[in-house]
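Participant: First the structure, which I've put down as structure tokens, then a few questions once you've had a look.
The values are calculated or read from the model by the stated rules, or taken from the named source; none is laboratory data. Keep in mind that this is a model prediction, so the values were computed, not measured. Methodologically, a virtual Cβ is constructed for each residue, glycine included, from the backbone with ideal geometry; neighbour enumeration extends over all protein chains shown.
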Amino acid sequence: MLKIIVCIKQVIDPEAPVSSFSVDTEAKKVIPPKGTPPVLNPFDENALEAALRLKDSQEVEITAISMGKNLSKAVLRKCLAAGANNLILLEDDSFDNLDNYSTAVILTKTIEKIGAYDIILCGRQSSDTDAGVTGSGIAELLGIPSITLAQKLTVDGKQVRVEKVIPDGFAVHQSEMPVLITVSNEIGELRSASLPAIMAAQKKEITTWNANDIGVDVNTLRRTALVKLYQPKHEGKCEFIDGQSFEEKGTNLANKLRETKLI
């Protein structure tokens with residue numbers, strides 16, 4: 001049986017209107033609109049879909065893991081409803097506002113605790129920070145090969161064949177397992193779960209681990225140092241160019257554009 005681990009991040013809904021957000025400049029935090037629940041990072045949903053497509057054609061066990069503080073079980077159960085076999089939540093107060101390295105360390109410790117795996121899948125980046133480095137960091141810490149920006153992957157024996165997105169098409173990479181692969185949005189959206197699958201997911205047991213459970217010394221964790229957070233002000237002005245006739249208005253407009261060096 002092929003064993004796949006998928007890393008899933010809970011994020012603020014990226015589809016929420018920008019105008020509905022506010023910024024607490026003192027606390028240096030973004031305040032999402034009220035009544036807008038968190039969602040699964042869309043790029044991580046692509047990674048889960050990649051795992052499910054492999055499961056469609058062969059025997060696969062999928063374990064989804066998510067790390068953070070005050071995680072929403074209702075949101076993360078979507079992984080189980082879509083087809084993941086197991087869901088592990090990494091919850092600890094010390095897991096708040098960590099930098100990419102510490103995030104990679106925690107996920108690596110978790111993967112080592114899980115044990116056997118063949119493929120680790122991550123989204124190409126997260127929709128909130130767009131950093132896109134955690135997946136490669138996990139591979140480095142585990143000492144396994146990594147392939148980024150996959151738009152398609154197939155497994156043949158102990159070999160994984162990946163179509164990697166490049167600016168003018170795609171390149172084909174092949175690797176022995178175990179391997180870490182970051183998945184791009186070109187692979188397609190996460191499939192919709194059926195009503196029976198959604199109901200069954202509500203009854204499935206979720207494993208929850210904290211820092212002690214995975215053997216992480218919280219004193220070694222590094223946090224993101226946010227220097228300043230603010231909403232930029234966009235100001236504009238409008239000037240009407242007048243004239244006695246349409247010709248004169250046109251001439252005055254052209255002269256104004258030349259004066260401001262726009263033409």
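Participant: Can you find a residue in the stretch 61-71 that is farther than 27 Å from Val227 by Cβ and touching a Ser or Thr at 6+ places or on another chain (Cβ under 7 Å)?
Facilitator: Checked against the condition, which is being farther than 27 Å from Val227 by Cβ and touching a Ser or Thr at 6+ places or on another chain (Cβ under 7 Å), the stretch 61-71 yields at least one hit.
Participant: So Pro196 clears everything in (1) at pLDDT 95 or above; (2) surrounded by 11 or more Cβ atoms within 10 Å (Cβ to Cβ) except one condition, right? Which one?
Facilitator: Condition not satisfied by Pro196: (2).
Participant: What is the residue count in the stretch 220-251 for residues that are among the hydroxyl-bearing types (Ser, Thr, Tyr), surrounded by 11 or more Cβ atoms within 10 Å (Cβ to Cβ) and under 18 Å from Lys28 (Cβ atoms)?
Facilitator: The number of residues fulfilling the criteria is 1.
Participant: I would also like to ask the following. Find the strands (runs of 3 or more DSSP E) located wholly in the stretch 1-76 whose residues include 2 or more that are surrounded by 13 or more Cβ atoms within 10 Å (Cβ to Cβ), and list them.
Facilitator: Result: 2-7, 29-31, 60-68.
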